[in-house]
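Take a look at the structure set out below.
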Amino acid sequence: MIKKKNINKIFYIFIFSHLIIWTFIPSISNLNLPLDHIEALAWGSNLDWGFNKHPPFSAFAVELFYLMFGNNDWSYYLLSQIFVITSFFFVWKFSSEIFEDQKYSLLAVLILTGIFFYNFTTPEFNVNISQLPFWASCVYFFWKGINTNKKKYWVFFGIFSALGFLSKYLFIYLLAALFIYFIFHFKKFKKIYPNYLLSLIISLIMLVPHFIWLFDNNFVTIFYGLNRSGLSNFVFTDHLTNPLIFLIKQMIILLPFFAMIFFITKKGKIRISFKDKNTQFLLAINLIPFFLILITSIITGAKIRTMWMTPFYLFLGTFFLEIFRKNIELKKINKFLYSFLFLFILSPSLYLGVSVVDQTKRTDYPGKEISRLVQNKWNDNFVNEIKVVIGDEWSAGNLSYHLSSRPKWFNTLKDNSSTISKDQGVIYAGNPKVLKKICPGVFGEIRPIGYCMIGKR
């Protein structure tokens, strides 16, 4: 049995162990950073208020780390884990508000080990991971705001709401759930309304630069999201099949989580008090976002990709521990702890095993070596530095990351031709057969990528 005085220690041991393990394992097993890392770094080399796929926050985050650590791969795995454990911290803080006994707060965090979004997929820093601390902190500060009405909590809620939305547009599902909850209790929250309005104003002000960018760029990120959800190739049966596939995948993903719940519950009737404010709020933050995205799929026929659900389950442990509280036997917690330790060790072990066995992954791409060869060929032909790389986020993005001059990345010359010249030092990366025919400079090929180099001799 866990002693009360040790609960805080166990929590911090857990989150720092998580950070160290999931920073170290991919650092030693991956030859190259994953795709989403490289994409964010490509965007970060040429910062703007939005990019062709997503809003800008993930790019700003990785570029900050590039300024601090350069092209050291381990630092970006560290960045990802900082985001993960920060979300765990806010889950812990919120759960401590819900439960009088902190043992439940600890369990609410440990049980997340049963959801692979919070272990196996965390090394790859992307827009899903970047949402996590803002999703968790928004829930916490909203809860503190409605219960204390202190202005500082609403200010924080407004700031983190904007940062969450700037991470990924799907963050709107959480904000919609909190808004519905607020409207449902509007009579009770009349005194809170001015501060809630203040938080919305803060968010909107922070989002103005991105909205301007969206208008100026023909809503490119919106159309990308629609294409990713399959709406560009829509058929009528998608209204049924896509939501059904989505539900089946979620059930499979959550099986280890529910197994861990099963280990700490005894038989008996489950009583849910819908009048209880804690239960109402937990229902709102867990079920409303889930049902809203499910309804979106049903109405539009959109394909909901599995990884999009990454932040949606952060408070699922808190929810089930609350509704099962009377059926939980803390004295018989050994099975839960064994399952936690098993999954805690299994996940990084499987990750390491897959990395060793499977040699065809993007993380086996020799990005550093290719960049070295490209740099050598450039030095043999030109006297100036490489300042611009043009091509897709993977091949050109790897060059932008690995080359010491940290060239800016452009997907295409379409809107940037007036700003690029040979005096700047330009490399096109792409299909070698196409580039060889049209290259106006020095052509090179490092399979499967071709390079066209234009510089000052």
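Values for this structure:
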| item | result |
| --- | --- |
| Sites I13 and S75, calculated FRET efficiency, Cβ-Cβ separation with R0 30 Å, nearest 0.05 | 0.85 |
| Ordering of 103-113, 401-411 by burial proxy (mean other Cβ atoms within 10 Å per residue, highest first) | 103-113, 401-411 |
| Per-pair calculated FRET efficiency, R0 = 60 Å: K152 and D423 via Cβ, rounded to 0.05 | 0.70 |
| Helical segments meeting 15 Å axial Cα length and Kyte-Doolittle -0.5 threshold in the chain (DSSP H) | 7-29, 57-69, 73-98, 127-148, 151-167, 172-184, 193-216, 238-253, 277-300, 334-357 |
| 19 Å reach of a label modelled at K53, 7 Å along Cα-to-Cβ, counting backbone N of segment 426-455 | 429-431, 449 |
| Theoretical gain in end-to-end length, K335 to N376 [0.36 nm per residue, Cα-Cα removed] | 9.0 nm |
| Stretchable slack from S404 to K249, in nm (0.36 nm times residue separation minus alpha-carbon distance) | 51.5 nm |
| Electrostatic dipole magnitude of the chain [Cβ: Lys, Arg +1; Asp, Glu -1; Cα centre; debye, to 20] | 1660 debye |
| Low-density loop cleavage sites - trypsin sites (Lys or Arg not before Pro) in segment 239-300, where at most 13 other Cβ are within 10 Å (DSSP) | K266, K267, K269, R271, K275 |
| Helix-only CD estimate at 222 nm, as mean residue ellipticity for the chain, using -39500 (n - 2.57) per DSSP H run (n ≥ 4) | -20000 deg cm²/dmol |
| Extension gain from E385 to Y224, taking 0.36 nm per residue of separation minus the Cα-Cα distance | 54.6 nm |
| Cβ-based net charge around F443, under 13 Å, with every Lys or Arg adding one and every Asp or Glu removing one | +3 |
| FRET efficiency, K277 to A176 (Cβ-Cβ, R0 25 Å, nearest 0.05) | 0.80 |
| Peptides ranked, highest mean first, by Cβ atoms within 10 Å: ranges 158-164, 79-85, 423-429 | 158-164, 79-85, 423-429 |
| Antiparallel content of DSSP bridges confined to the chain, in %, to 5 | 65 percent |
| The chain: relative contact order as a whole-number percent, Cα under 8 Å and 6+ apart | 20 percent |
| Mean Cβ count within 10 Å, highest first, over the residues of peptides 189-201, 363-375 | 363-375, 189-201 |
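No lab work stands behind these numbers, since they all come straight from the coordinates. As the structure is a prediction and not an experimental result, all values here were calculated from the model. Cβ atoms come from the backbone with ideal geometry, glycine included; neighbour counts cover every protein chain shown.
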